[in-house]
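The structure under discussion appears below in the form of structure tokens.
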Amino acid sequence: MQVIAQRPKSLRDIPFTYCPGCLHGVAHRLIAESMDELDIRNKTMGVAPVGCSVFAYKFFDCDMAQAAHGRAPAVATGMKRSRPDMCVFTYQGDGDLAAIGTAEIVHAANRGENITVFFVNNAIYGMTGGQMAPTTLPGMKTSTSPYGRDADDIGYPIKASELLATLEAPYYIERVSLLSPQEILKAKKCVHSALKYNKEKRGFTFIEFISTCPTNWGIEPIKSRDWARENMLKFFEIGCFRDKSKTVEGGK
Amino acid sequence: MPKMTVDPYYCKGCGLCIKACPKKIIRFSEEINAKGYHYAECFDQDSCIACKLCYVTCPDVAITVEK
Amino acid sequence: MKADIICSGFGGQGVLTIGKFLAQAAMKEGKKVSWLPSYGPEMRGGTANVSVIISDNDIASPLVSNPSILVALNQPSLDKFGPPTQKGGVILVNSDMTPNKLKRDDVDITYAPMSSIAIECGSTRVLNMVSIGMVIGKTKLVKYETMEQDLRDFLEVKSPELLEANLKALQMGMEYFG
Amino acid sequence: MAQKVLMKGNEAVAEAAIRAGCRLYFAYPITPQSELIEYMAKMMPKVKGTFIQAESEVAAINMVYGASGCGRRVMTSSSSPGISLKMEGLSYIAGAKLPAVVVNIQRGGPGLGDIQPSQADYFQATKGGGHGDYRLIVLAPNSVQEFADMASEAFDLADKYRNPVMLLADGLLGQMMEPVEFKPAKTEEEIEKLNKQHYDWCMRTNEDGDDRHHHEINSLELDPNVLEKHVLSLHEKYKDIQKNEVRYEKINVKDDNEILCVAYGTASRIVKSAITELQKEGHSVGLVRPITVWPYPSEVIANSITKKTKKVIVFELSLGQMVEDVKLAVNGKLPVDFLGRAGGIVFTPDEVIAKIKESL
């Protein structure tokens with residue numbers, strides 16, 4: 001008998017601190033598996049954000065820094081410039097990346113910083129207990145949009161992938177879904193590509209995961225995936241927004 | 001013989017693997033784990049086809065699949 | 001020996017450079033020096049000035065409130081720094097841009113058409129070198145040879161085509177006092 | 001024998017930092033420190049170093065955090081309003097026990113204030129500055145030469161204690177030119193050796209084979225008991241710093257001093273001029289100049305008071321921030337008087353003389 005699927009080496013033997021059914025863990029696994037496959041575990045450093053995934057620095061079995069809220073792309077820039085031979089990634093939620101850290105992500109992307117950014121979009125602030133995020137859908141109720149997000153008042157959700165795709169420098173930008181095993185398998189390919197491009201020093205790579213927040217949405221895990229499919233995917237379309245490997249010969 | 005096992009140390013009983021399993025051979029255990037969850041378990045290993053979908057969907061990376 | 005110098009003029013007249021060359025030459029002759037510019041928005045357009053101290057001893061405060069040597073390249077500079085100049089101090093005024101004279105008779109003041117001399121040397125841009133020459137001619141603060149060498153070292157790298165006009169300006173400034 | 005060159009403080013500290021082995025620099029332009037960032041922009045590529053003009057001061061200090069977490073010598077610089085923005089990052093750097101050097105070319109405040117020399121960031125610099133229970137090591141130069149010398153000292157202290165070090169200067173020191181003589185630049189081998197000194201904790205390639213290291217750069221600890229232990233360990237370190245790293249200069253401090261002055265940085269130069277003038281008139285006035293404003297030379301000030309001393313006077317380019325530390329040092333033994341100017345105004349030696357003469 002042969003083991004055909006088990007915890008990747010790049011994850012440490014520590015249970016995640018996420019709620020039951022939270023898809024952060026899936027995103028973590030896809031990254032860790034790709035690190036194993038690309039054999040970059042010994043030369044990878046990650047940056048954990050502020051938010052539910054603040055403890056990501058404990059989970060990945062590589063060197064990790066924990067960054068101030070929103071600053072992960074800046075911290076990663078310092079790390080990458082300090083150790084250019086290593087692969088650097090950030091792992092950020094929607095409040096971290098698309099609200100307080102908007103400047104840092106835009107400018108790291110605009111510099112074509114040779115890092116990979118994993119962005120988990122679940123349309124809500126998880127750790128602080130279910131407040132409105134920059135990605136909260138119009139009409140969606142949260143503890144700080146108790147009557148539903150009023151787009152006329154507070155604006156529409158930010159489409160981070162589309163926004164970054166307006167810049168020249170990014171090498172690869174794709175939005176993927178974690179809402180079913182089939183979609184996860186597709187997402188895995190994208191995560192693998194992003195880290196492969198990172199290893200090959202091709203430039204800035206960005207993966208947006210459409211995820212769920214069963215706890216703060218108040219919907220149990222399985223149904224929360226259905227809810228996300230019906231609501232989030234209409235607004236946040238799955239797809240590739242940039243892949244220079246298909247347009248630029250030999251990468252950068 | 002294909003086989004899936006859930007490590008109760010990691011499992012939080014979210015049930016996503018139960019939903020994912022095409023053979024419907026996963027259920028919540030009677031027992032609870034150290035964190036108080038009824039973890040997932042396979043009750044019919046003989047029917048497992050090692051499709052890995054439970055592993056793929058598990059957010060706590062608690063599942064090992066053998067073949 | 002301690003000289004408290006203020007050079008002042010319109011932004012663009014090169015007053016900061018006057019100060020820098022004086023300080024640098026004095027440093028090379030073994031003196032203690034400090035160079036402190038006025039900085040900020042006034043560097044563009046308005047009046048710019050620089051305080052330079054040249055001394056045999058360590059320089060404590062780099063501020064100059066009462067200059068012993070004043071180079072005033074325009075009217076506002078003379079109006080501002082003329083009155084606080086030390087009794088018996090040296091004031092060199094660019095008379096081309098300073099219609100009103102200073103009402104003091106306890107200072108050693110020279111009104112010289114520095115802009116005109118600069119044009120004679122080839123360009124208004126060498127006005128600052130005329131002034132430096134005049135400071136040397138009047139006060140013997142630093143040696144002419146030191147200054148000439150500094151000027152050569154600076155311009156031969158940066159813009160050799162300007163060297164001739166600058167050297168001429170330096171010399172004409174110095175020879176103004178015969 | 002190195003040659004003396006006439007240089008601005010802003011440029012001299014940049015050159016000295018590069019010579020000290022700083023190969024990464026991240027900053028955002030602000031007057032009156034812009035010559036520093038411009039110098040780095042010009043020189044870093046020549047030593048194959050990294051220069052990034054960051055999108056903000058906040059980003060710059062976080063780039064410092066990342067680079068420092070990799071164990072390499074890294075610096076940022078700014079002026080007062082920009083330093084305020086960096087305080088978040090500095091707190092993280094202090095919490096995560098990272099070495100880093102920050103230059104503050106102080107200007108008038110509060111708010112946007114003006115761009116003239118000031119010492120009004122003393123509280124912010126010496127009392128921690130950001131959130132949490134931490135300290136920066138703060139060096140306050142008063143000449144371009146000292147400013148340059150302190151760059152390498154700052155990196156050494158930062159590395160030794162794994163603590164951020166601030167060079168607290170001001171617009172006058174940044175903008176003025178004085179002769180400066182540089183120490184020889186560190187060789188690439190020496191820099192490599194410096195980088196290696198942090199290998200046991202910094203983020204780096206895993207060269208340990210299967211015996212993996214997992215180095216975390218972090219300031220988060222949710223267990224209050226563990227966090228308290230961490231903060232206590234920081235404070236043990238601060239005690240060591242207070243014991244070992246106090247630096248000061250005594251100028252004309254004698255048994256017959258009628259007045260003892262305390263001033264640091266630019267203000268100390270003005271006071272020194274005043275003391276020289278007063279000496280000519282036969283008055284004996286001493287000056288203690290803190291070179292480290294944290295750790296503070298409290299004992300030196302206390303011990304410089306003699307039976308003849310009538311008063312201690314503090315001179316600052318602020319409305320009285322260091323005066324509190326002097327009062328703590330003097331501990332009620334003598335009255336502590338104060339002269340300060342705000343808004344970027346630098347007092348003249350005459351103003352200082354007049355103030356001292358009130359008490360003679």
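When the stretch D:332-350 is filtered for residues that are more than 14 Å from chain C (Cβ to nearest Cβ), open to solvent by less than 40 Å² (accessible area, probe 1.4 Å) and part of a loop (DSSP other than H, G, I, E, B), only D:Leu334 remains. Within the stretch B:20-40, restricting attention to residues that are under 10 Å from the mean Cα position of the chain (by Cα) and open to solvent by 50 Å² or more (accessible area, probe 1.4 Å), the residue that is farthest from the other protein chains (Cβ to nearest Cβ) is B:Arg27.
Would you mind stating whether D:Ser91 is among the polar types (S, T, N, Q), within 12 Å of chain A (Cβ to nearest Cβ) and open to solvent by less than 20 Å² (accessible area, probe 1.4 Å)? Walk me through it before giving the result.
Details: among the polar types (S, T, N, Q): yes; within 12 Å of chain A (Cβ to nearest Cβ): yes; open to solvent by less than 20 Å² (accessible area, probe 1.4 Å): yes.
Criteria met by D:Ser91.
Could you tell me which of the residues A:Ile173, A:Ile184, A:Ile222 is within 12 Å of chain B (Cβ to nearest Cβ) and farther than 13 Å from A:Val26 by Cα?
Working: A:Ile173 fails: within 12 Å of chain B (Cβ to nearest Cβ); A:Ile184 fails: farther than 13 Å from A:Val26 by Cα.
Within the list A:Ile173, A:Ile184, A:Ile222, the selection yields A:Ile222.
Within the stretch B:1-19, restricting attention to residues that are open to solvent by less than 20 Å² (accessible area, probe 1.4 Å) and in a helix (DSSP H, G or I), the residue that is nearest to the other protein chains (Cβ to nearest Cβ) is B:Leu16. If you check D:Ala20, D:Ala12, D:Ala27 for being touching a Phe, Trp or Tyr at 6+ places or on another chain (Cβ under 9 Å), surrounded by 22 or more Cβ atoms within 10 Å (Cβ to Cβ) and within 13 Å of chain A (Cβ to nearest Cβ), only one passes: D:Ala27. In the set (1) in a loop (DSSP other than H, G, I, E, B); (2) more than 30 Å from C:Ser51 (Cα to Cα); (3) more than 14 Å from every other protein chain (Cβ to nearest Cβ), the condition left unmet by D:Met203 is number (3). Does the stretch D:278-298 include one or more residues that are touching a Phe, Trp or Tyr at 6+ places or on another chain (Cβ under 7 Å), within 14 Å of another protein chain (Cβ to nearest Cβ), crowded, with 18+ Cβ neighbours inside 10 Å and assigned to a loop (DSSP other than H, G, I, E, B)? Within the stretch D:278-298 (the criterion being touching a Phe, Trp or Tyr at 6+ places or on another chain (Cβ under 7 Å), within 14 Å of another protein chain (Cβ to nearest Cβ), crowded, with 18+ Cβ neighbours inside 10 Å and assigned to a loop (DSSP other than H, G, I, E, B)), the answer is no, since none of the residues qualifies. Number of residues in the stretch D:316-331 that are of a type in the set (Asp, Glu) and either loosely packed, with under 15 Cβ neighbours inside 10 Å or free of Cβ contacts under 8 Å to residues at least 24 places away in the same chain (or both): the value is 1. Kindly indicate whether any position in the stretch A:111-133 is free of Cβ contacts under 8 Å to residues at least 60 places away in the same chain and among the charged types (D, E, K, R). The answer is no, given that none of the residues of the stretch A:111-133 is free of Cβ contacts under 8 Å to residues at least 60 places away in the same chain and among the charged types (D, E, K, R).
The rows are residues; the columns are (1) in a loop (DSSP other than H, G, I, E, B); (2) more than 13 Å from the chain's Cα centre (by Cα).
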site	(1), (2)
A:Ala169	yes, yes
A:Glu183	no, yes
A:Lys186	no, yes
A:Lys189	no, yes
A:Leu195	no, no
A:Lys201	yes, yes
A:Phe206	no, no
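Mind counting the residues in the stretch B:41-53 that are within 10 Å of chain A (Cβ to nearest Cβ), open to solvent by 50 Å² or more (accessible area, probe 1.4 Å) and more than 27 Å from A:Thr17 (Cα to Cα)? So that I can check it myself, show each step before the final result.
Initial filter on the stretch B:41-53 (within 10 Å of chain A (Cβ to nearest Cβ)): B:50-53.
Next, only the ones that are open to solvent by 50 Å² or more (accessible area, probe 1.4 Å) stay: B:51-52.
Checking the rest, the ones that are also more than 27 Å from A:Thr17 (Cα to Cα) come to B:51.
Counting residues in the stretch B:41-53 that are within 10 Å of chain A (Cβ to nearest Cβ), open to solvent by 50 Å² or more (accessible area, probe 1.4 Å) and more than 27 Å from A:Thr17 (Cα to Cα) gives 1.
Just one of the numbered conditions (1) part of a helix (DSSP H, G or I); (2) of a type outside the set (Ser, Thr, Tyr); (3) at the interface with chain A (Cβ under 7 Å from one of its Cβ atoms); (4) touching a strand residue (DSSP E or B) at 6+ places or on another chain (Cβ under 6 Å) is not true of B:Val56: (4). When D:Ser68 is tested against (1) within 25 Å of D:His230 (Cα to Cα); (2) open to solvent by 20 Å² or more (accessible area, probe 1.4 Å), just one condition goes unmet, and that condition is (2).
Condition check ((1) under 17 Å from D:Gln106 (Cβ atoms); (2) crowded, with 17+ Cβ neighbours inside 10 Å; (3) over 18 Å from the mean Cα position of the chain (by Cα); (4) away from chain C (no Cβ under 14 Å)) across all residues:
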position	(1), (2), (3), (4)
D:Glu258	no, yes, yes, yes
D:Gly265	yes, yes, no, no
D:Ser273	no, yes, yes, no
D:Thr276	no, yes, yes, no
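Hey, does the stretch D:88-96 have a residue that's assigned to a loop (DSSP other than H, G, I, E, B), touching a strand residue (DSSP E or B) at 6+ places or on another chain (Cβ under 6 Å) and of a type in the set (A, V, I, L, M)?
yes
Beta carbons closer than 6 Å, at least 6 apart along the sequence or on distinct chains, pair a first residue in the stretch D:45-60 that is at the interface with chain A (Cβ under 7 Å from one of its Cβ atoms) and in a helix (DSSP H, G or I) with a second that is of a type in the set (A, V, I, L, M) and open to solvent by less than 20 Å² (accessible area, probe 1.4 Å) for D:Ala59/A:Ala74.
Of A:Phe55, A:Phe59, which residue is out of contact with any Cys (no Cβ under 7 Å at 6 or more places or on another chain) and buried (at least 24 other Cβ atoms within 10 Å of the Cβ)? First the steps, then the outcome.
Numbers: A:Phe55 fails: buried (at least 24 other Cβ atoms within 10 Å of the Cβ).
After ruling out the rest, the residue left standing is A:Phe59.
Would you call A:Gly93 away from chain D (no Cβ under 14 Å) and either farther than 28 Å from A:Asp61 by Cβ or open to solvent by less than 10 Å² (accessible area, probe 1.4 Å) (or both)?
On the way: away from chain D (no Cβ under 14 Å): yes; either farther than 28 Å from A:Asp61 by Cβ or open to solvent by less than 10 Å² (accessible area, probe 1.4 Å) (or both): no.
No.
Here's the yes/no breakdown for (1) closer than 26 Å to D:Gln3 by Cβ; (2) open to solvent by less than 10 Å² (accessible area, probe 1.4 Å); (3) more than 14 Å from every other protein chain (Cβ to nearest Cβ):
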{"position": "C:Asp4", "(1), (2), (3)": "no, no, no"}
{"position": "C:Leu22", "(1), (2), (3)": "yes, yes, no"}
{"position": "C:Glu29", "(1), (2), (3)": "yes, no, no"}
{"position": "C:Ser55", "(1), (2), (3)": "yes, yes, no"}
{"position": "C:Leu63", "(1), (2), (3)": "no, no, no"}
{"position": "C:Ser68", "(1), (2), (3)": "no, no, yes"}
{"position": "C:Thr85", "(1), (2), (3)": "no, yes, yes"}
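I'd like to check something: does the stretch B:22-35 contain any residue that is part of a helix (DSSP H, G or I) and within 28 Å of A:Phe60 (Cβ to Cβ)? There is no residue in the stretch B:22-35 that is part of a helix (DSSP H, G or I) and within 28 Å of A:Phe60 (Cβ to Cβ). Count of the stretch A:160-169 residues, restricted to those that are buried (at least 17 other Cβ atoms within 10 Å of the Cβ) and in contact with a helix residue (DSSP H, G or I) (Cβ under 8 Å, 6 or more places away or on another chain), is 2. Of all residues in the stretch D:183-217, those satisfying the criterion of being over 25 Å from D:Asp156 (Cβ atoms) and open to solvent by less than 50 Å² (accessible area, probe 1.4 Å) are D:Thr205, D:Asn206, D:Gly209, D:Arg212, D:His213, D:His214. Listed by position, the strands (runs of 3 or more DSSP E) inside the stretch A:1-82 whose residues that are more than 7 Å from every other protein chain (Cβ to nearest Cβ) and on the phi < 0 side of the Ramachandran plot number at least 1 are A:44-48.
The values are calculated or read from the model by the stated rules, or taken from the named source; none is laboratory data. Bear in mind the structure is a predicted one, so any value in this text is a computation, not a measurement. Reconstructed Cβ throughout: ideal geometry from the backbone, glycine too, with neighbour counts over all protein chains shown. These area figures cover heavy atoms from the full protein model, side chains too; ligands, DNA and RNA do not enter into them. Shrake-Rupley method; radii C 1.70, N 1.55, O 1.52, S 1.80 Å.
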